[in-house]
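This report refers to the structure that appears directly beneath it.
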Amino acid sequence: MPAVVVLGAQWGDEGKGKATDQLGDRTDYVVKFNGGNNAGHTVVIEGEKYALHLLPSGILSPGVVPVIGNGVVIDLEVLFSEVDALEARGVDTSRLLVSSAAHVIAPYHRTLDKVTERFLGKRRIGTTGRGIGPAYADKINRVGVRIQDLFDENILRQKVEGALDQKNHLLLKVYNRRAITVDETVEDLLRFAERLRPHVADTPLVLNAALDERRTVVFEAGQATMLDVDHGTYPFVTSSSATAGGACTGSGVGPTRIDRVVGVAKAYTTRVGEGPYPTELSDADGEWLRQTGGEFGTTTGRPRRTGWYDAVVARYASRINGLTDLVVTKLDVLTGRDRIPVAVAYDVDGRRVDEMPDDQSDFHHATPVYELLDGWTEDISGARDFDDLPKAAQRYLLELEAMSGTRISSVGVGPGREATVIRHELL
Ligand code: GDP
Ligand code: IMO
Ligand code: MG
């Protein structure tokens, strides 16, 4: 099984980092294919906690080649501060490869991200403020700066001039901010060019050659299905393709080469930022989930919104991504509940709706139709086999599996690398 995509089946923070890290010792390459340092993946190895933003989680396994694909937007300062922090903890980052076609997040992207959010006021997206949206907007507008542009100052200068042309009018006249000069931007971007140079590669060529040699490649998504720019809750989404198709466009590997698509879903749900969220709990249960699950953002520290599992979202993610496997995480967090509600359908203005509404307004009006499943009280953190789980936890998973339409291959019972129940090996 050489090519496996790992992606988020909900609104992000499902535990993709842990899922990818677990495959590390059987993996040759781990590729980040979308997003940038809006992502935050926490991986816990022997009690040591690592927070990764721009680097794929595979970097923590010795022998894995971590790859930042063409679909990623890169903040160079963040990249190297993450590299330095890992090196200081003894993690070898020397094998890192960065696509020459990936786009760069420039200082003006961060500025624009923040001012546009402020300008949107009540209609804001609740972005991470990292410049992600503006960098992708430039890419689509064909005024982006790519990694390869950093190695020819004349070209870089021309590209930055082109990018700043309209932006300075906008910053000065609409947002009442100071203009940004070409010189300061070029200087800022060139700070890291020489350090980056040995890592830059034709990553689509490298990855396809690796697959030709039957090497194992894991594609690790940032964000999630419901935050995908095409398939998520637009406009409350990120600006990249976080679904399975994004693994292909964001890495230069064709769909015929992908063997498995693994969706990661919490045993409940969370969301950071604005936007519709039918199973959201604004009561004591929601606070209980946040505290028990430690639901505070890895990237921004924001408290995450919390709610019960949504099987409509899970079915949608199964369909949009062609999931072959589901990894259910944080089952341990639900321990101690008497009954656990799970959304099986929605009520939209008095109508029962079984699948994700195609119309955005319907989704905004959707209220969950819950089924109550039995809870369990036993500590499950030591479970490693399905049979180690209490009967009620087993039934909870089997119900989720039936409702979600994809087999559950593993189950997280704690943050540590080892705290996992394996039903079917992913590699
Ligand atoms: P990602 O963005 O999808 O990689 O997820 P995050 O790292 O942002 O958020 C997931 C959080 O849950 C992290 O703090 C993980 O350490 C933690 N985690 C992952 N799996 C489990 C699990 O099965 N049980 C518990 N209790 N925590 C988990
Ligand atoms: P990981 O990879 C959860 C959310 C933001 C905001 C929206 C747009 O850790 O799962 P952006 O800065 O991307 O323009 O913000 O997307 N968001 C995430 N939420 N997990 C993430 O990444 C996220 N990355 C972006 O909160 O609502
Ligand atoms: Mg995260």
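In Å², what does the accessible area per residue of the stretch 103-194 work out to with a 1.4 Å probe?
56
Using the Cβ of G375 as centre and a radius below 15 Å, the other residues enclosed give a net charge of -3, where K and R count +1 and D and E count -1.
Using a Förster radius of 51 Å, what is the FRET efficiency between R177 and E213 based on their Cβ-Cβ separation? Nearest 0.05, please. E between R177 and E213, to the nearest 0.05, is 0.50. With each label modelled as a point 7 angstrom along the Cα→C-beta vector, the D165-R319 pair spans 4.3 nm.
Shape analysis of the stretch 103-194 based on the Cα gyration tensor places the equivalent ellipsoid semi-axes at 23, 14, 11 Å, largest first.
Whole number in Å², please: accessible area per residue of the stretch 265-422, 1.4 Å probe, ligands, DNA and RNA not counted. Intermediate results must be reported in sequence, preceding the final value.
On the way: 6440 Å² over 158 residues.
So the stretch 265-422 comes to 41 Å² accessible per residue, rounded to a whole number.
Normalised by the residues of the stretch 265-422, what does the relative contact order come to in percent, with Cα pairs under 8 Å and at least six apart? Mind dumping the intermediate values first?
Values: 296 pairs, mean separation 39.5, N = 158.
After rounding, I find 25 percent.
Report, in degrees rounded to the nearest 10, the 0 to 90 angle that the Cα long axis of helix 153-169 makes with the longest principal axis of the chain. The two axes meet at around 70 degrees.
Could you work out the relative contact order of the chain, using alpha carbon pairs under 8 angstrom and six or more residues apart, expressed as a whole percent?
Reported as a whole number, the value is 20 percent.
Once you've got the GNM for the chain with C-alpha springs shorter than 10 Å, pick whichever of P255, P276, P415 has the biggest mean-square fluctuation. Of P255, P276, P415, the Gaussian network model singles out P255 as fluctuating most.
Given charges of +1 on the Cβ of Lys and Arg and -1 on the Cβ of Asp and Glu, with all other atoms neutral, how large is the dipole of the chain about its Cα centre, in debye to the nearest 20?
Values: 49 positive and 61 negative charges, 175 e Å.
Around 840 debye, computed over the chain.
Which residues among the stretch 331-353 fall inside the zone where the amide N is under 12 Å from a point 7 Å beyond the Cα of Q291, along Cα→Cβ? Those under the cut-off are none; the list is empty. Using alpha-carbon positions, what is the distance between the centroids of the stretch 48-103 and the stretch 295-332, in Å? The stretch 48-103 and the stretch 295-332 have Cα centres separated by 24 Å.
Counted over the stretch 189-270 with a bin width of 10 Å, the fraction of Cα pairs per bin, in whole percents, is 15, 35, 31, 18, 1.
The Rg/Rh ratio for the chain is 0.97, where Rg is the radius of gyration of the alpha carbons and Rh is the Kirkwood radius.
On the accessible surface of the stretch 103-194, probed at 1.4 Å, how many percent belong to carbon and sulfur atoms?
Details: 2530 of 5160 Å².
Percent of accessible area from carbon and sulfur atoms in the stretch 103-194: 49.
Per-residue surface analysis assigns S61 an accessible area of about 10 Å², computed on protein heavy atoms at 1.4 Å probe radius.
For the peptides 47-57, 11-21, 371-381, the ranking by packing is 11-21, 47-57, 371-381, with the highest mean count of neighbouring Cβ atoms within 10 Å listed first. Positive end of the dipole of the chain, charges at C-beta (+1 Lys, Arg; -1 Asp, Glu), about the Cα centre: which of I155, S318, V348 has its Cα farthest in that direction? It is I155.
Restriction of the GluC sites (Glu not before Pro) in the stretch 185-254 to DSSP coil positions whose beta-carbon has at most 10 other beta-carbons within 10 angstrom yields E213.
The values are calculated or read from the model by the stated rules, or taken from the named source; none is laboratory data. Because the structure is predicted, anything quoted here is derived from the model rather than measured. Note that we place each Cβ from the backbone using ideal geometry, even for glycine, and neighbour counts take in every protein chain shown. When the accessible area is computed, the model is the full protein with side chains, heavy atoms only, and any ligands, DNA or RNA have been set aside. Shrake-Rupley method; radii C 1.70, N 1.55, O 1.52, S 1.80 Å.
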